[in-house]
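Quick note: the coordinates plus some simple rules give every number you see, no bench work behind them. Computed from a predicted model, the values in this text were never measured in an experiment. Virtual Cβ from ideal backbone geometry, glycine too; neighbours counted across all protein chains shown.
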Amino acid sequence: MWFFRLLGPFRLESGGTEIAVGTPQTRTVLALLVWHANEVVPLSRMIDELWGARPPSSAKVQLQGIISRLRRLLGRERITTAPTGYVLHATTAELDVELVRADLARARSLIADGEVALGASTLRAALGRWDGPVDPPLVESVACRLDELRMTVLEERIDAELLLGGNADLIGELTAVVAEHPLRERFRAQLMTALARRGRVSEALDVFHSFRRTMVAELGVEPSARLCSLHTRILRGEQDTRPAFPMPRKAHRPRQLPPALPDFVSRADLLTELSDVLTGAWTRPPLVVVSGTAGLGKTSFVVQLAHQVRERFPDGQLFASLRGDDTMAVLRQFVRALGVPADLVPSAEDECSALLRDLLAGREVLLVVDNAGDAGQVRPFVPAEPGCAVLVTSRRSLTELEGARLVRLCLFDAAESAELLTRITGAPPGEALVARCGGLPLALRIAGALLLDRPHWTSDDLAARLSDERTRLDWLEAGDLDVRASFNASYRQLPAPHQTLFRRMGLLPAAPVPGWLAAALLDTGQDHAERVLEDLVSWHLVSAVDRGPTIRYGMHDLVRCFSVEQAETEQERDAMITRARAAIARVVAFSTAAR
């Protein structure tokens, strides 16, 4: 039986004997395949690891040669070819990393059942699987995750030994560990606890103050609410036997992703690109924000993406919709899903967020947060340490979110629109129907549902009904799918001036609107009007369609239909058209005079 070692210098063994792998490049490829065992490793990822940003023209041929040599060594059935890369097949018993994860899960279960001594022993055995530092030149891209796994096992072993009363024996070890990892809060909490229980209260308080100074100086943030609470308890002399941080009761692995759409189409290149982002080895958790106008299929896209990478997050996938303003409810949901009983969930948002970060430490969990209203709603869900990843959807761009990979979804082109309708209905649509839907996935999906519900209609019949802009949105509704309602959810969140400009822009002909014309519609200065326009761009309700000397802003046809409906009265429509004409006349007169 083969055995693959990543926990220390990379080695391949058979029957306890080390087997020579070959060249450094061959070792690098095998190490990547082992780290991603039973998953597809894309060709692009291997080429990037081997040659960086400037691979030779023969890179693919050379890589195929490396794979051939590994197959001769391991057997052809070990490494199979996938459409985008290669897969190494291995069992848990053949992978030292998987054995450590199994040890960790078993220890957590034992400790939750009261078998603390046996749990601590299991964690010590897990730490013993490391036989030196990870080989940096070979697997630099995954070294940080392996180190994070070791730190998690060490933290939980120390917590177990604190529960067993081993305070004095741990102080020396913790002092050295804190010096090596000065920003790791859980080690600080454990050292404070061990010192306080030995009566060395002033030293415990010094540990806290030293950590606070370090955090403020290097990161500009305060310690977590949980560590501050421990500091307060030590000040008050409130001794207890609890671990410094709560230990998981058992290894919960939630699987909360909604099902992927069976007729999902398009965006294949973007899915591949973001899969690499989410599964890459980073020093901080990857955070991807997918934004776009209402009805663009953001949720469907991130669910598809999450299913594509879910095997890379074996400790679970969490999914919830913020529904605009329900941050605490979702934090509570995630913490409960990770095994915390309801009566132990903190009531304060910052404490609940800190607990979530602690529960995620050392785990590989994918968090999907749907429908975020602003960056402040997202930050409580971002883990502090690598291993996890966060996927967010929002109707706003969220450019203020630190460290995020921002992705703006685009409308479907005609070919993609036709493909989706064909998959839904089983028949290719006419060009007129594709045009009426304007590349908006929600409109296309509704159109497909209507044709299925009315088999006596042709696609041209439906296109004819959608030809009148005044009633187009009336037709684009099927069950809980509703284009008008989707736009309205964004419109209702706009401030009053933004609603006013959005509403009045729809009253003008379809030509793009420059800033000076928007100022006339709002009866305000051009600077203010352009700020409002740019906010509407961030909400994906208008777009900058002409970036010449004068930026002009336009609307999607279906968004314009909705905008027109919001005009309060015929008098308002007439007044805005008159105001726009007057502004245009002034600009024309000024231009004529300048000549």
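The order of R503, R579, R198, going from fewest to most other C-beta atoms within 10 Å of their C-beta, is R198, R579, R503.
3J(HN,Hα) along segment 175-188, derived from phi through the Karplus expression 6.51 cos²θ - 1.76 cosθ + 1.60 where θ = phi - 60°, amounts to 4, 5, 5, 5, 5, 6, 10, x, 9, 8, 5, 5, 4, 4 Hz, with x in place of Gly and Pro. Couplings 3J(HN,Hα) of segment 367-382, computed from phi: 9, 10, 10, 9, 6, 6, x, 7, 5, x, 6, 7, 3, x, 9, 7 Hz, in residue order, whole Hz [Karplus 6.51 cos²θ - 1.76 cosθ + 1.60, θ = phi - 60°; x for Gly and Pro]. Panel order for T279, T193, T214, by other beta carbons found within 10 Å of each beta carbon, from fewest to most: T214, T279, T193. Across segment 268-408, Cα pairs under 8 Å and at least six residues apart give a relative contact order of 38 percent.
For the chain, the longest principal axis of the alpha carbon atoms and the long axis of helix 570-594 meet at an angle near 90°.
Normalised by the residues of the chain, what does the relative contact order come to in percent, with Cα pairs under 8 Å and at least six apart? List each step's numbers first, then the result.
On the way: 887 pairs, mean separation 57.1, N = 595.
It rounds to 10 percent for the chain.
For T80 and R124, a Förster radius of 35 Å and the Cβ-Cβ distance give a FRET efficiency of 0.40, rounded to the nearest 0.05. Relative contact order of segment 1-142: 32 percent, from C-alpha pairs under 8 Å at least 6 residues apart in sequence. Relative to the dominant Cα principal axis of the chain, helix 268-279 is inclined by about 30°. Start at zero, step by 5 Å, and the Cα-Cα distances of segment 414-486 spread as 3, 19, 33, 29, 14, 2 percent across the bins.
For V545, the residues whose modelled amide H falls within less than 5 Å of its own, excluding neighbours fewer than 5 places apart on the same chain, are R552, Y553, G554.
For segment 491-503, the Karplus equation 6.51 cos²θ - 1.76 cosθ + 1.60, evaluated at θ = phi - 60°, returns couplings of 4, 5, 8, 6, x, 4, x, 6, 4, 4, 5, 4, 5 Hz by residue, with Gly and Pro reported as x. For Rg and Dmax of the Cα atoms in Å, several values are listed as (1) 29.1, 92; (2) 24.3, 77; (3) 26.5, 92; flag the one computed from this structure. Identified label for the calculated read-out: (1).
If you rank D276, D370, D468 by fewest surrounding Cβ atoms within 10 Å, what's the result? Show your work: numbers first, answer last.
Working: D276 15, D370 20, D468 11.
With the sparsest Cβ surroundings first, the list reads D468, D276, D370.
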